[in-house]
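What follows is a short report on a single structure.
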There are 2 protein chains.
Amino acid sequence: MKIKVGVSNRHIHLTEDAYRLLFEKNLTKKSDLSQPGQFSSEEVLTIEANGKKIDNVRIVGPFRKYNQVEISRRDARFLGINPPVRKSGDLKDACDIIISNEQGRYKLKDCCIIANRHVHISNSYAKELRLKDNDEVKIVIPKDKGGIVKAFIKTSDDAVLELHIDTDDANAFNLNTGDEVELIL
Amino acid sequence: MKIKVGVSNRHIHLTEDAYRLLFEKNLTKKSDLSQPGQFSSEEVLTIEANGKKIDNVRIVGPFRKYNQVEISRRDARFLGINPPVRKSGDLKDACDIIISNEQGRYKLKDCCIIANRHVHISNSYAKELRLKDNDEVKIVIPKDKGGIVKAFIKTSDDAVLELHIDTDDANAFNLNTGDEVELIL
């Protein structure tokens, strides 16, 4: 079956407490993301490790119950860190990273990962397809630098069906948000 | 069968005539590359398109019969160009790109490509495996962000068996030069 691709750039999820340490004003929606309720905010931070910095990393809302910084392998090489490949919310062995803006600078412990490729799917549609959370599926990418990659199922009540990949994958396979790939059950 | 990976960063191949327009001194070997006779040189150039520049792009010797600039999709996005995915030497629909250093600046026509994934193999070993130039093979990448990609066979008399990928692939699959992957015949 065909599914659409969403390319995730590096971004930050914060708890409200972590956010308040660096911002006076409230988190402000810039634009809705494809998954219901998720939005990219006006607020950005600098991330830093080993003296290397990446500016303008956007906070994705709403607030989470944990802090999580998702970067690409390319970012990780630049920053000189080696974060594990994890599904969102699994912060086992995650790296520390410093976040800052003009108001402050502090280290977020155990928060930085490279997100695994994952397929958002609603609980009801997953049930129909006999898929459950964390199942592994294959994705066939038909481009001139195509291939087959594995991805993990991520169910939620109101998910929009979509494959999420990072910018390294997007570049390696020449994929853009909105492109179609094939999901093999 | 297991084969080793070689990661190619962006680089430039030039004819001697094209080289002489920008350098007084001879092309100087910096270090040998894995394929016999190939070397990265001390000489670097800036590549440029649409007012965007990437500095320190290394010339790979020896001189070629054609000019060819190999970049990654990420570089291409940054430069605002859309080069085709091609095997080395196939410059159909290749992009123009400006090269420069302190001595000069000129446009190289029809030279910029994204190199396809390819497997260097000697003629004799290819024959033994019943492979020929341009055959498509599958590569299984066993990492945590692994997958299966296609690659093309590139035969020459004295080739060292090696899969060549670009930095986008290396980042997407978390591969480094010297890592092992599996070639499926």
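Miscellaneous remarks
- Reported count of residues in region B:50-89, each being within 14 Å of chain A (Cβ to nearest Cβ) and within 21 Å of B:F39 (Cα to Cα), is 4.
- The condition (being within 16 Å of the chain's Cα centre (by Cα), of a type in the set (F, W, Y) and within 14 Å of chain B (Cβ to nearest Cβ)) is satisfied by just one residue among A:F152, A:F173: A:F152.
- Residue in region A:3-15 that is in contact (Cβ under 8 Å) with a residue 40 or more places away in the chain, surrounded by fewer than 14 Cβ atoms within 10 Å (Cβ to Cβ) and closer than 30 Å to A:L131 by Cβ present: no
- Here is the figure for region A:70-125: residues that are surrounded by 15 or more Cβ atoms within 10 Å (Cβ to Cβ) and under 19 Å from A:N50 (Cβ atoms) total 25.
- For region A:127-143, residues that are part of a loop (DSSP other than H, G, I, E, B) and either surrounded by 15 or more Cβ atoms within 10 Å (Cβ to Cβ) or out of contact with any Lys or Arg (no Cβ under 9 Å at 6 or more places or on another chain) (or both) total 7.
Since every read-out is calculated from the coordinates, none of them should be taken as a lab result. Given the structure is predicted, the values throughout are model-derived calculations rather than measurements. A quick note on method: Cβ atoms are made from the backbone with ideal geometry, for glycine too, and the neighbour counts reach across all protein chains shown.
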